[in-house]
Amino acid sequence: EKGGFASFMEKEINDQPEAVAQTLLGRAGLDGKLELDELRIDPSLLKAVDKIIVLACGTSAYAGQVAKYAIEHWCRIPVEVELSHEFRYRDPIVDANTLIVAISQSGETMDTLMAVRYAQEQGAKVLAICNTNGSTIPREADAVLYTHAGPEIAVASTKAFLAQITAAYLLGLYLAQLRGNLFSGQIRDILADLGKVPAKIQAILDDADRIKKLARSMSDARSVLFLGRHVGFPVAMEGALKLKELAYIHAEGFAAGELKHGPIALIEEGQPVFVIVPSPRGRNSLHAKVVSNIQEIRARGAKTVVIAEEGDTAVQAYAEHVFYIPETPVLLAPLLATVPLQIFACELATAKGYDVDQPRNLAKSVTVE
Ligand code: F6R
């Protein structure tokens, strides 16, 4: 059942090309038009949405944070992402034009379920992005978009995360299509780029030996930091979460721009720092800014491990280790950049002798508040 892998986690990391492909499958017509009739929600309701609030916990909330960048860019609808357990206790502003997007792999997370119920009481419509057919959250939601990642057994979420981002992107494109925010040609192009993601993930998986070797060499690390910017920021937090929960190492993800506002004080000789570098092809200056962050921390003795896009030679001068991911549009990069971080955490925890499928103190679905 582990398909020849040592753990379910390793298998599920390797399932990711399929998880993304299956989540895309059958949802776009040959003409590149999205067909999400399965949502069974009145399109006029979706057209009237003036705010989206994503509710989720843990890794699923990071998927929501990635999706915020894409949905706001494509649809020009404000998207808030809130941890389910914080939402209900702050008197949130929710009405009939608010679309709640509840993201949950298990569909049984009590914090998210309670937040969904609260939002429905306030008159909001709830759309669930879920991996588990017939579970409680999609049953209670007004609409469901299933991720087709297949059952996720390992406690730490991997393939469900990539499938959640994929599904949330489909939702964003569908809203943009309904509301006329994007031309059909633009939607078709983005769908075509999404269609190329599984093969690119496979290329990263096929080339995992170096990152595994690095992971084994770092099993004594006491703290690892992760920096990212734009969509790389939630990826950094996800990389840190994987390391905490699997290898029991203190890890934190920061927005790279925040470095000089405090976290740079943590940098001392030998401190390992992962940096997720935005594409140099992006139309903003973020690449240069993050490269200068690498310089700053390197000058203070950090051991820099860089995830960058193939062909980005500018990072080499300041990086101890560089891992390249294939070229892809900026918004799709999280579907690739996350993978080396998952492999790193899985391999490091395995090197320490820990059970990566059953990390201590954790359960696969958290059915208590
Ligand atoms: C981390 C992890 C958890 C879950 C969180 C939400 O690897 O698995 O952070 O993402 O407990 O679970 P779901 O998505 O089932 O609601």
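The values are calculated or read from the model by the stated rules, or taken from the named source; none is laboratory data. Being a predicted model, the structure only gives us computed values, none of them experimental. With ideal geometry, Cβ positions are generated from the backbone for all residues, glycine too; neighbour counts draw on all protein chains shown. SASA here: full protein model, heavy atoms, side chains in, ligands and nucleic acids out. Shrake-Rupley method; radii C 1.70, N 1.55, O 1.52, S 1.80 Å.
In table form, for the structure just shown:
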quantity: Estimated inter-spin distance, TYR354 and GLU296, nm [label 7 Å along Cα→Cβ]; calculated: 3.0 nm
quantity: The chain - mean residue ellipticity at 222 nm from DSSP helices (-39,500 (n - 2.57) per run, n ≥ 4, rounded to 500); calculated: -13500 deg cm²/dmol
quantity: Reciprocal mean inverse distance between Cα atoms of the stretch 226-339 - Kirkwood radius, Å; calculated: 13.9 Å
quantity: Estimated inter-spin distance, ASN361 and ASP220, nm [label 7 Å along Cα→Cβ]; calculated: 2.5 nm
quantity: Span-like helix ranges in the chain, DSSP H, alpha carbon extent 27 angstrom or more, Kyte mean at least 0.5; calculated: 159-179
quantity: Cα gyration tensor category, rounded, prolate or oblate, for the stretch 304-369 with a/c compared to 1.5; calculated: oblate
quantity: Estimated FRET transfer efficiency (ARG283, ASP31; beta-carbon r; R0 35 Å; 0.05); calculated: 0.80
quantity: Heavy-atom SASA rank of ILE297, ILE264 (probe 1.4 Å, accessible area, largest first); calculated: ILE264, ILE297
quantity: Along each principal axis, Cα extent of the stretch 1-146, largest first, Å; calculated: 49, 40, 28
quantity: Pairwise FRET efficiency - LEU266 versus GLU72, Cβ, R0 = 30 Å, nearest 0.05; calculated: 0.45
quantity: Area of GLU121 that stays accessible when all protein chains are in place (1.4 Å probe, Å², to 10); calculated: 140 Å²
quantity: Solvent-accessible surface ranking, highest first, for PHE5, PHE161, PHE183 at 1.4 angstrom; calculated: PHE183, PHE5, PHE161
quantity: Heavy-atom accessible surface of the chain: percent carbon and sulfur, 1.4 Å; calculated: 49 percent
quantity: Shape category assigned to the chain from the gyration tensor of Cα positions, a/c cut at 1.5; calculated: prolate
